[in-house]
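What follows is a single structure, written as structure tokens, with notes after it.
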Amino acid sequence: MSDKEKFNTDEMEIIDIDLRDIEDRINEELKNEELEISETVTPISDKNIRESIEEELPVIEDVPEQGVELKPMNEIPDEEEIVMLAEKKRRKRKASDYVRYCIMAIAVCVLVYAGYQLAMIFMEYKEAVDEYDQIEDLVSDEDTVVYQERLNSGDPFDPTFTPQQVDWQSLMSINGDVYAWIQFESADLRDAINYPVLKGTDNQYYLSHTINGTENTSGSIFIECENDAYFNDMNTIVYGHNMKNNSMFGLLRNYKKAEYYAGHEYFWIYTPEGRFRYKIFSCYEPLSDSDTYRWWSAPCDDYTQYLTQCKAASNYDTGVNVEPNDQIVTLSTCTSRGDNYRFVAQGKLIYSEYK
């Protein structure tokens with residue numbers, strides 16, 4: 001090893017010895033400082049930290065919930081005020097109870113009144129039904145032998161139905177405004193319109209009066225006051241109420257559907273002069289002031305056009321055609337569609353028999 005190399009090695013050893021000595025002394029000093037700190041500093045617990053932080057932070061008051069007003073201690077009501085507030089609430093509750101009781105009382109009164117009105121309506125219905133049931137005693141079935149002879153002669157009668165004979169003298173002694181009787185063909189007369197037909201000097205009186213002159217919401221079946229009373233016009237209009245118990249013209253509403261029409265196509269008009277059979281050709285809901293309520297005393301072009309319009313207006317095709325010289329009867333009643341509408345079933349004359 002050269003002197004240079006030896007020098008360098010020795011120098012490195014010297015430096016290395018010096019560094020270790022310095023490091024030992026530094027560690028010794030640090031150790032002494034740690035001992036001094038541990039002896040003089042008290043450990044801080046979580047409680048100490050929390051108390052220290054609370055001392056440093058500003059005091060924060062509780063924030064009230066939205067809509068809640070906090071009052072200072074001096075504004076808290078005393079015992080007397082609390083009693084007054086309770087009394088005020090009690091009075092307010094009593095007033096609200098009074099209003100509720102009033103509403104309940106009114107509701108009960110309305111219910112009782114509605115029940116009374118309903119009972120009166122049913123009583124009127126029953127009175128009218130009983131009255132017309134007595135009138136039906138003045139109508140009797142035709143002699144079976146006479147009717148069978150008519151069937152054998154080829155007249156187009158339904159063999160399941162027997163036309164009736166009316167005691168006109170007795171009927172007119174009850175009311176001189178009786179001019180006809182209407183009867184729908186049905187084997188069961190409980191399922192058929194079967195009433196006397198009246199005619200007054202206006203179209204109002206028999207809306208609310210029976211054949212006996214009794215005031216009743218059922219009214220009567222009656223002829224348009226401008227029509228001929230004996231069904232000699234080309235179009236005779238007959239009115240009747242659409243009663244919920246199916247009395248008067250209540251059964252007419254069934255003709256809104258084609259299913260009912262099949263098997264219920266015919267009705268009869270009896271008068272002191274003869275008997276007339278009609279077949280329904282059109283059923284529909286016209287306006288109360290429409291051309292449906294026109295009439296003619298003789299055939300004309302307007303009447304021919306009228307028949308065409310009536311046939312086209314039907315809810316369904318009845319398969320019955322009408323000719324310019326056909327006489328018809330328009331049966332009219334009210335309908336649930338609205339006050340401005342009516343329901344009509346129109347039949348054309350297909351058979352006449354005069355006495």
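Before moving on, here are some points about what is shown:
- Residues (surrounded by 15 or more Cβ atoms within 10 Å (Cβ to Cβ) and within 33 Å of the chain's Cα centre (by Cα)) located in the range 204-216: Tyr205, Tyr206, Leu207, His209, Thr210, Asn216
- The range 290-305, subset without any contact (Cβ under 8 Å) to a residue 24 or more places away in the chain and assigned to a loop (DSSP other than H, G, I, E, B), residue nearest to Ile221 (Cα to Cα): Ser290
Condition check ((1) over 20 Å from Leu138 (Cβ atoms); (2) in contact with a Phe, Trp or Tyr (Cβ under 7 Å, 6 or more places away or on another chain)) across all residues:
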position	(1), (2)
Met172	no, no
Trp181	no, yes
Ala192	no, yes
Asp202	yes, no
Ser208	yes, no
Thr217	yes, no
Ile223	no, yes
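- Residue tally, condition closer than 9 Å to Asn235 by Cβ and not polar (S, T, N, Q), over the range 311-333: 2
- Strands (runs of 3 or more DSSP E) wholly inside the range 134-229 that include at least 2 residues being at pLDDT 90 or above: 178-184, 194-198, 221-223
- Scope the range 324-343; condition in a loop (DSSP other than H, G, I, E, B) and of a type in the set (Ser, Thr, Tyr); matching residues: Thr335, Ser336
- Criterion: out of contact with any helix residue (DSSP H, G or I) (no Cβ under 9 Å at 6 or more places or on another chain), assigned to a strand (DSSP E or B) and of a type outside the set (Asp, Glu) - qualifying residue of Ile280, Ile269: Ile269
- Among residues of the range 255-278 that are free of Cβ contacts under 8 Å to residues at least 40 places away in the same chain, those with a beta-carbon under 6 Å from a residue that is surrounded by fewer than 20 Cβ atoms within 10 Å (Cβ to Cβ) at least six positions away or on a different chain give the pairs Tyr260/Asn254.
- Scanning the range 306-323 for residues that are acidic (Asp, Glu) and either under 19 Å from Trp295 (Cα atoms) or assigned to a helix (DSSP H, G or I) (or both) gives a single hit, Glu323.
- Those residues of the range 232-266 which are closer than 16 Å to Phe222 by Cβ and hydrophobic (A, V, I, L, M, F, W, C), in sequence order: Ile237, Val238, Met243, Met248, Phe249, Leu252
- The residues in the range 278-323 that are among the aliphatic types (A, V, I, L, M) and under 30 Å from the mean Cα position of the chain (by Cα) can be counted, and the count is 2.
- Of the criteria (1) buried (at least 17 other Cβ atoms within 10 Å of the Cβ); (2) under 32 Å from the mean Cα position of the chain (by Cα); (3) modelled with pLDDT of 95 or more, which one His264 fails: (3)
The values are calculated or read from the model by the stated rules, or taken from the named source; none is laboratory data. It should be emphasised that the depicted structure is a prediction, and the values quoted were computed from it without experimental measurement. All Cβ positions, even for glycine, are placed from backbone atoms using ideal geometry, and neighbour counts span all protein chains on display.
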